[in-house]
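Below is one structure, written out as structure tokens; comments come after it.
The values are calculated or read from the model by the stated rules, or taken from the named source; none is laboratory data. Owing to the predicted nature of the structure, the values given are computational and were not obtained by experimental measurement. Virtual Cβ from ideal backbone geometry, glycine too; neighbours counted across all protein chains shown. Surface accessibility is based on the protein's heavy atoms, side chains included, excluding ligands, DNA and RNA. Shrake-Rupley method; radii C 1.70, N 1.55, O 1.52, S 1.80 Å.
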Amino acid sequence: MNSWLIQNASIVGRETADIAIENGVVTEVGTGLTAPEGARVLDATGLIALPGLVDLHTHLREPGREDAETVESGSRAAALGGYTAVCAMANTSPVADTAGVVEQVWRLGRDAGLVDVQPIGAVTVGLKGEHMAELGAMADSAANVRIFSDDGFCVADPKMMRRALEYVKAFDGVIAQHAEEPALTAGAQMHEGEFSSQLGLAGWPAVAEEAIIARDCLLTGHVGSRLHVCHVSTAGSVEILRWAKSKGWRVTAEVCPHHLLLTDERATTYDPVNKVNPPLRTDTDIEALRAGLAEGVIDVVATDHAPHSSEDKDCEWAAARPGMLGLQTALSIVVKTMVEPGLLDWDGVAERMSRRPARIAGLDGHGLDPAPGVPANLTLIDPAASWTVVPNELASLSRNTPYAQMTFPATVRATFLRGEATVLEGKAQK
Ligand code: DOR
Ligand code: ZN
């Protein structure tokens, strides 16, 4: 069942070799290997083998909004996107702010069996920013939580942020901040700039993100803890992160595929599929984000996969929830925006979409290149293929993709979770 001989794969875009997998573990990487007993053989000529992708920022909507996504449907979308592990954000209903809820999400993920689902715990009770949640109990639970976030909302109170950063030091946890100074974004509908003035929509200024990132980097440096900055979206944020890293502070950051590709001009369509938080920015921001990701100032790509039901999304712009699907398109968008322009090679993709996110989340067994003794968490990519996004064909229960009918490079041919093919021939296996 979990034994394979993958033949002629390019290992992370380098040499071509066979990968032998026995009982879920890579046993050998080399040329002309013989199949382990009972193994299935897969011809991977022309395909690239990457360590299974790891997403630090996925909204799975269960418990509470199973009409928009379940742990199972989101896991399927993840596997089809080449992921073997996802971190599930805490803004569910009820909020994942207790050991009970994070354990529930963790169990649902294990039962679905398509990717490893690592719950993120809320920083504050009900994401309200007033009282710290039971971080220690969530860390000690079966879900083994290490990342805490109020994502959707910013931990705006600097005293609360400081206490949370101090608290997680005890178990080498990390606070993942949704950086948005709420006093500067009240009523905001889109990026504050030329198009927001034209459209007469309330703007979300870059400084609302940058002010919080600067503050939190200072706090992290002060208390010696770990900060992860979610969905960095502005050129100024990249500058601040570069400065914070130069100080040696333990700060990591992620960028989302949509912020690498789409601009605020999309809002002129008034199609709420383009509404997201933080909002789509400008060409200048895109350029800085791509450069920051190439340079390593931004550590990882995370999807912010944010499914919404049509009831919450197919309405007028101001009433629509922010967020867009991301799991099945992330790799292709990274290829289009980073690999094709020569900003990253495949090793760079593996670093930013698998190895570093696995390290940040502390996910043992993920983010490891195929080598003897390593759990077979792998994805096989066809770099020469292209595909067109058809919303109805996506595995998510929601349809809010901004990429409908767009054609992208690279397809996921197979995904292996501990040697089990969760995706084969581009199709989910359960
Ligand atoms: O666009 C977003 N959607 N940004 C967030 O911070 C939250 C997310 C959601 O939960 O839908
Ligand atoms: Zn967020």
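Using a 1.4 angstrom probe, figure out how much accessible area the chain has per residue, in square angstrom, rounded to the nearest whole.
Values: 15580 Å² over 430 residues.
Ligands and nucleic acids excluded, the figure is 36 Å² per residue.
Over the alpha-carbon set of region 9-147, divide Rg by the Kirkwood Rh and report the Rg/Rh ratio to two decimals. Let's see the in-between values first.
On the way: Rg = 18.8 Å, Rh = 16.8 Å.
My calculation of the ratio gives 1.11.
Farthest toward the positive end of the dipole of the chain, out of Ser354, Thr303, Cys217, is the Cα of Cys217, where the dipole comes from beta carbon charges about the Cα centre.
For region 138-239, the alpha-carbon coordinates run over 51, 28, 21 Å along the three principal axes, in decreasing order.
For the chain, the dipole from Cβ point charges (+1 on Lys and Arg, -1 on Asp and Glu) about the Cα centre works out to 560 debye, to the nearest 20. Springs join every pair of Cα atoms under 10 Å in this Gaussian network model of the chain, and among Lys275, Lys245, Lys313 the largest mean-square fluctuation is at Lys245.
Distance between the pseudo-spin-label points of Cys315 and Val390 (7 Å out from Cα toward the beta carbon): 3.1 nm.
With only alpha-carbon pairs counted, each pair once and no self-pairs, how large is the Kirkwood hydrodynamic radius of region 181-340 in angstroms? Walk me through the intermediate numbers first.
Values: mean 1/r = 0.0620 Å⁻¹.
About 16.1 Å, per the Kirkwood formula over Cα pairs.
Within the full protein context, the accessible area of Thr45 is estimated at about 90 Å² for a probe radius of 1.4 Å.
For region 1-87, treating each Cα as an identical point scatterer without solvent, what Debye log10 I(q)/I(0) comes out at q = 0.12 1/Å? At q = 0.12 Å⁻¹ the computed log10 ratios are -0.48. Note on region 360-430: along the principal axes its Cα atoms extend 41, 27, 26 Å, ordered by decreasing extent. Of the solvent-accessible surface of the chain, computed with a 1.4 Å probe over protein heavy atoms with every protein chain present, carbon and sulfur atoms account for 49 percent. Do any of Lys128/Lys159; Lys128/Lys169; Lys275/Lys336; Lys169/Lys247 go past 24 Å between their Cα atoms, and which? Violating the 24 Å limit, Cα to Cα: no pairs. Here the ratio of the Cα radius of gyration of region 292-365 to 2.2 N^0.38 Å is 1.36. Here the Gaussian network model covers the chain, with springs between Cα atoms less than 10 Å apart; of Thr263, Thr185, Thr31, Thr31 fluctuates the most. A P(r) calculated from all alpha carbon pairs of region 71-165, with 5 Å bins opening at zero, reads 3, 16, 25, 21, 17, 10, 6, 2, 0 percent.
Mind checking the full-extension length gain between Leu343 and Leu218? Use 0.36 nm per residue of separation minus the Cα-Cα distance, one decimal, nm. All intermediate terms of the calculation are to be shown ahead of the outcome.
Numbers: separation 125, 0.36 × 125 = 45.00 nm, distance 3.00 nm.
Full extension of this stretch gives 42.0 nm more.
For the chain, the spread of Cα positions along the three principal axes, ordered from largest to smallest, is 63, 46, 43 Å. Hydrodynamic analysis of region 274-430 uses the Kirkwood radius over alpha carbon pairs. Inserted into Stokes-Einstein at 37 °C and 0.692 mPa s, it gives a translational diffusion coefficient of 192 µm²/s.
Entry note, the chain: the mean residue ellipticity at 222 nm calculated from DSSP H runs of n ≥ 4, each adding -39500 (n - 2.57), is -7500 deg cm²/dmol after division by the residues and rounding to the nearest 500.
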